[in-house]
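Undergrad: Next up is a structure, given as structure tokens.
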Amino acid sequence: MIKKRLQLGKRLLLLALTFFLTMGLFTAAYRFDNKYTRQSVQPINGILFYTPEQDDPIYLINGWEYYQGRLLTPKDFINDFPIPDNHIYIGQYSGMEAGNPKASPHGSATYRLILSLPETPAFYTLELPEIYSAYRFYIDNRLMAVQGNPDPDHYKPALRSNSVTFEASGDIQLLFSVSDWSHLYSGMVYAPAFGTPNAVNSLLMQRFTVSLTLTVLAAILGFFQLALAAILRSRRSLLSGLICMAFAGSVSTPALHQLITTGIVPWYNLEIFCRYTIYGLSLLLVLNLCGSQNRALKIASYAAALFPFLSLVISLMAPYLTYSQMLLFSRTAGAYKVICALWLLGTVFFSYTEQEPETDHTILLIGICIFASSLAADRLYPSFEPIRFGWFSEIAGFLFVLLLSFLLLRDSAIFYKNQFILYQEKNRMESQILMQKKHYSQLASQIEKIRTMRHDIRHHFTQLSVLLKDGNAKAAEQYLDKVINSSLTSAPLSFCDAYYVDVLLRYYYSCAEDLHIPMTVHANVPAASGISEEDLCVILGNILENALDASAPVPQDQRLVTVAVTCHEGTIGIEVKNRYEGDLVPDGKNFYSSKEKGRHGIGLSSVRSMAEKYGGDVWLKTEQREDGINEFSIQVLLLSQS
């Protein structure tokens with residue numbers, strides 16, 4: 001209980017620290033990357049006095065004349081000057097109702113602004129952000145851009161982020177005639193940038209780069225984790241991969257609309273679906289990561305995860321919704337995000353398990369706290385539209401995706417590492433079993449030979465007795481030599497008392513016989529030498545494998561491998577000599593492999609690292625004997641750790 005309280009206290013401190021640091025980041029974004037807090041001149045009562053004294057663009061936010069329910073053209077301001085219904089700032093309203101709850105959120109409207117430019121003609125660029133959902137744009141009497149068709153009888157939505165560059169001087173009129181019967185948003189909701197071509201185009205390119213980078217990086221992380229989920233059959237990787245993909249879908253629209261023109265359906269419906277899917281999938285993933293077995297909590301989490309599908313249906317029904325219905329959905333969606341964030345925080349904060357590392361919970365808690373902090377920033381800083389980087393939810397979502405991906409990919413790496421170790425262990429066990437089978441087969445063969453010898457030895461003694469009785473000592477001596485030579489076995493029954501080392505030596509002795517390579521073995525290794533038998537087998541196996549491989553090309557009458565293993569007061573010395581052909585090129589204390597030219601011998605590196613493990617060393621030597629035969633020798637010294 002004390003340990004749990006201490007753990008919760010640490011988590012509370014971490015939660016507070018993460019929240020304040022994250023809010024500091026969001027405050028910096030609000031202050032330095034916000035169109036509404038940027039210090040620049042603004043229109044007053046529909047007129048902007050612009051002087052290009054700096055390269056940074058300005059944002060046309062305030063002072064737009066708003067004509068509700070009317071699609072006006074420049075001609076309407078020549079013959080009969082209409083009176084605006086209001087002067088608004090961009091972002092003040094999200095629909096055509098313009099603050100009237102009884103009005104329809106859909107319909108048509110005209111936005112007008114007068115720019116007072118220097119009298120000297122110059123080129124200027126105006127950003128055309130996403131305007132929902134069809135419009136015509138005029139500068140003075142010139143039609144400069146068209147997206148879709150805003151005429152009510154021939155309405156066709158089309159969206160694209162763009163810009164127009166034009167030459168102008170003196171007073172000019174900007175006129176947007178907009179219609180929408182498609183989306184949850186209507187009209188101009190994003191303030192356009194205005195300035196010199198270099199300044200505006202540079203800004204748009206930076207924004208495009210940020211959006212594309214976030215989208216591509218999240219998609220790559222998602223694809224990689226989905227591939228891991230398919231390979232490992234991991235539910236965690238599947239959910240994390242889907243969260244990354246959902247985030248990529250939710251932030252892809254700005255980059256997409258700078259590349260191509262799209263309609264509302266299905267692109268914005270999918271964006272809304274992806275936005276809420278991040279929350280729904282996060283509930284399921286955190287539930288899995290924390291190992292919660294509470295049935296009621298599981299049912300509630302699965303039910304909450306269905307909200308993205310409801311948001312998809314609502315977005316598809318947008319043309320038929322009233323202002324009150326849209327407002328209800330907006331408030332419900334806001335409450336959903338807050339509840340999900342608190343739920344996620346509470347689940348991770350109060351989860352306590354000794355099976356999962358505390359580091360995993362720490363990373364997860366930090367990610368969710370960042371995610372939840374974005375909702376607090378939305379309430380604290382409502383007048384926010386990013387200039388170059390993302391919205392609060394996008395910044396937090398990206399950090400959350402990175403932390404989540406790091407957590408899951410690290411777990412996958414650990415899993416693969418364990419699988420690799422198991423695979424190596426499996427191969428080692430199979431090799432040992434193969435050696436043991438061959439060892440038992442040889443033992444059975446030797447035992448059968450001994451049984452035959454015992455059966456025949458009586459006849460040999462009888463024959464010797466006859467020869468000696470006849471006084472034929474010379475014949476008896478010759479017969480005895482013949483019997484002695486025929487009774488020698490090809491190898492002793494055992495090389496040493498260490499069972500696994502003995503099996504390995506006998507295995508390679510048998511391999512040498514099969515390859516017609518004479519091998520002499522002198523091994524003195526007790527059953528308890530102070531050195532792990534597994535490590536000794538690794539060392540001897542690598543050395544003997546290399547020795548047999550090097551001996552195979554040598555002419556048969558010149559082949560020889562000698563093995564000596566001694567143990568004295570906890571110190572084991574190994575010396576193996578073999579003959580070889582060609583050149584061995586030394587490289588410090590290593591030799592290049594003769595199997596692949598220019599490549600280091602992996603076996604010798606393994607032997608050296610194993611020797612270092614026991615505080616020993618390895619010595620390599622090559623020499624040419626007087627008879628012209630090349631001989632390679634390796635000596636290994638191991639110090640017992642017991």
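Undergrad: Along Cα→Cβ, 7 Å out, is where each label goes; now give me the distance between the ones at residue 328 and residue 515 in nm to one decimal.
TA: Here the modelled spin labels are 8.3 nm apart.
Undergrad: Sticking with this structure for a sec: Can you give the angle from 0 to 90° between the axis of helix 358-380 and the longest principal axis of the chain, with both taken from C-alpha atoms, to the nearest 10?
TA: On a 0 to 90 degree scale, this one is about 10.
Undergrad: Share of antiparallel DSSP beta bridges in region 47-195, in percent to the nearest 5?
TA: 95
Undergrad: For region 495-642, restrict the atom set to alpha-carbon positions and state the Rg and Dmax in Å.
TA: Every Cα atom of region 495-642 included, Rg and Dmax give 14.9, 45 Å.
Undergrad: Working out 0.36 nm times the residue gap between residue 534 and residue 20, then minus their Cα-Cα distance, what length gain in nm do you get to one decimal?
TA: 179.7 nm
Undergrad: Picking from 104, 168, 79, whose Cα lies most toward the positive end of the charge dipole for region 47-195 (charges on Cβ: Lys, Arg +1; Asp, Glu -1)?
TA: 104
Undergrad: Test of understanding: what is the full-extension gain from residue 637 to residue 219, defined as 0.36 nm times their sequence separation minus their Cα-Cα distance?
TA: 145.2 nm
Undergrad: Residue by residue through region 260-276, which ³J(HN,Hα) values in whole Hz follow from phi under the Karplus form 6.51 cos²θ - 1.76 cosθ + 1.60 (θ = phi - 60°), with glycine and proline marked x?
TA: Working through the residues one at a time gives 9, 9, 10, x, 6, 8, x, 4, 6, 5, 5, 4, 5, 4, 5, 4, 7 Hz.
Undergrad: Another question about this same structure. Which whole-number percent is the relative contact order of region 218-263 (Cα, under 8 Å, 6+ apart)?
TA: Answer for region 218-263 is 38 percent.
Undergrad: Rounded to the nearest 500, what is the 222 nm mean residue ellipticity of the chain from helices alone, with -39500 (n - 2.57) per DSSP H run of 4+ residues and division by all residues?
TA: Calculated mean residue ellipticity at 222 nm is -18000 deg cm²/dmol.
Undergrad: Still on this structure, I have one more. Calculate the dipole size of the chain relative to its Cα centre from +1 charges on Lys and Arg beta carbons and -1 charges on Asp and Glu beta carbons; express the result in debye to the nearest 20.
TA: 1860
Undergrad: How far is helix 602-613 tilted off the main Cα axis of the chain, in degrees rounded to 10, range 0 to 90?
TA: Roughly 90 degrees between the two axes.
Undergrad: Before anything else, pin down the relative contact order of region 108-240: Cα pairs under 8 Å, at least 6 apart, normalised by residue count, whole percent.
TA: 29
Undergrad: Where the only charges are on Cβ atoms (+1 Lys, Arg; -1 Asp, Glu), what is the dipole of region 495-642 about its Cα centre, to the nearest 20 debye?
TA: 280
Undergrad: If I model a spin label at residue 388 and residue 13 as a point 7 Å from the Cα along the Cα→Cβ vector, what separation in nanometres do I get?
TA: About 3.7 nm separates the two model spin labels.
Undergrad: Moving on. Could you check the spin-label model distance between residue 625 and residue 483? Points 7 Å from the Cα along Cα→Cβ, value in nm.
TA: Inter-label distance under the simple model: 3.5 nm.
Undergrad: Along region 99-115, what does the Karplus equation 6.51 cos²θ - 1.76 cosθ + 1.60 (θ = phi - 60°) give for ³J(HN,Hα), rounded to whole Hz, x for Gly and Pro?
TA: In residue order, the calculated couplings are x, 9, x, 8, 7, 7, x, 10, x, 10, 7, 10, 10, 9, 8, 9, 9 Hz.
Undergrad: Can you check what the net charge comes to around residue 397, using other residues whose Cβ is under 14 Å from the Cβ of residue 397 (Lys, Arg +1; Asp, Glu -1)?
TA: Residues near residue 397 contribute -1 overall.
Undergrad: Which translational diffusion coefficient, to the nearest whole µm²/s, is obtained for the chain from the Stokes-Einstein equation, given a Kirkwood hydrodynamic radius over C-alpha pairs, 25 °C and 0.890 mPa s?
TA: Diffusion coefficient, whole number: 76 µm²/s.
Undergrad: Using the alpha-carbon atoms, what tilt in degrees (0 to 90, nearest 10) does helix 295-304 show relative to the longest principal axis of the chain?
TA: Orientation of helix 295-304: about 50 degrees from the principal axis.
Undergrad: Evaluate the charge dipole of region 47-195 about its Cα centre and quote only its size in Debye, nearest 20, assuming +1 on the Cβ of each Lys and Arg and -1 on the Cβ of each Asp and Glu.
TA: Taking the Cα centre of region 47-195 as origin, the dipole is about 480 debye.
Undergrad: A follow-up question, please. Rounded to the nearest 0.05, what FRET efficiency do residue 617 and residue 359 have when you use their Cβ-Cβ distance and R0 = 45 Å?
TA: FRET efficiency, residue 617 to residue 359: 0.75.
Undergrad: Right, here's the next one. Relative contact order of the chain: what whole-number percent is it, with Cα pairs under 8 angstrom and at least 6 residues apart?
TA: So the answer I get is 10 percent.
Undergrad: I would also like to ask the following. Which peptide among 90-99, 262-271 comes first, and what is the full order, when sorted by highest mean count of other Cβ atoms within 10 Å?
TA: Answer by packing, highest mean first, reads 90-99, 262-271.
Undergrad: Peptides 184-193, 548-557, 359-368, 102-111: what's the order by average Cβ count within 10 Å, highest mean first?
TA: Result, highest mean first: 184-193, 102-111, 359-368, 548-557.
Each reported figure results from applying straightforward, stated rules to the coordinates on display, with no laboratory input. In this text, all values refer to a predicted model and were calculated from it rather than measured experimentally. Methodologically, a virtual Cβ is constructed for each residue, glycine included, from the backbone with ideal geometry; neighbour enumeration extends over all protein chains shown.
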